[in-house]
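Worksheet: one structure, shown below.
The values are calculated or read from the model by the stated rules, or taken from the named source; none is laboratory data. In this text, all values refer to a predicted model and were calculated from it rather than measured experimentally. Virtual Cβ from ideal backbone geometry, glycine too; neighbours counted across all protein chains shown. Quick note on the areas: whole protein, heavy atoms, side chains included, nothing else; ligands and nucleic acids left out. Shrake-Rupley method; radii C 1.70, N 1.55, O 1.52, S 1.80 Å.
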Amino acid sequence: MRVVIGPVSAASALAWLDYADEVIEELGAMAPGECFTTPEVLEVFRSYVTSWRSSAAGDELLWERDIPAEQVEYHMHAFQRVAEVLDQRAEERGMASPPEGEDFYAAILQGVLTALDAEGPSSAAFAEHLAEFWPGRDPLA
């Protein structure tokens, strides 16, 4: 399945990616019993952050990849879990992603959900579930 993120402002992408780097570093430093995700998932996130960062050259980011639907679904399930914890942390401690990164964050969600929706009934149902239950926002708004 083809996932397209953007075009979106490179400045927005870089603001969000800097935040993502901090989150990954924080989670990676946790002891195995403390962390709510796995080292493998963190490596997947790191690889996406690296790829997106390299695409943020110039004024805008446009990122396109062919990724198996099952892989996208697995990654988005893990990403949703991370987003839930970060959303809860933002409510409790006021630590949220930077507002400058919101356009990029929305572009990630929109790009993935659009690709899942186009993939077929099962993937479309998963996209609908993500859109309904994504923490702190309606990703399709």
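Below, the figures for the structure above:
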{"quantity": "Residue-count net charge about Val3 - beta-carbon cut-off 14 Å; Lys, Arg +1, Asp, Glu -1", "calculated": "-4"}
{"quantity": "Cα-based shape type of the range 61-103, given that a ≥ b ≥ c are square roots of the gyration tensor eigenvalues and the cut on a/c is 1.5", "calculated": "oblate"}
{"quantity": "Per-residue HN-Hα couplings for the range 18-24 [Karplus 6.51, -1.76, 1.60; θ = phi - 60°; Hz; x = Gly/Pro]", "calculated": "4, 4, 4, 4, 5, 5, 4"}
{"quantity": "Calculated FRET value between Ala57 and Phe36, using beta carbons and R₀ = 30 Å, to 0.05", "calculated": "0.35"}
{"quantity": "Of all accessible heavy-atom area on the range 1-126, the percent that carbon and sulfur account for (1.4 Å)", "calculated": "54"}
{"quantity": "Prolate/oblate/rounded call for the range 28-80, Cα gyration tensor, a/c under 1.5 rounded", "calculated": "oblate"}
{"quantity": "Ellipticity estimate at 222 nm from DSSP helix runs (n ≥ 4, -39,500 (n - 2.57)) divided over the chain, nearest 500", "calculated": "-22000 deg cm²/dmol"}
{"quantity": "Residue-normalised accessible area of the range 53-141, expressed per residue, 1.4 Å probe, Å²", "calculated": "56"}
{"quantity": "Amide H within-cut-off set for Leu61, under 5 Å, with H built and near neighbours excluded", "calculated": "Val8, Ser9, Ala10"}
{"quantity": "Cα-based shape type of the range 7-115, given that a ≥ b ≥ c are square roots of the gyration tensor eigenvalues and the cut on a/c is 1.5", "calculated": "oblate"}
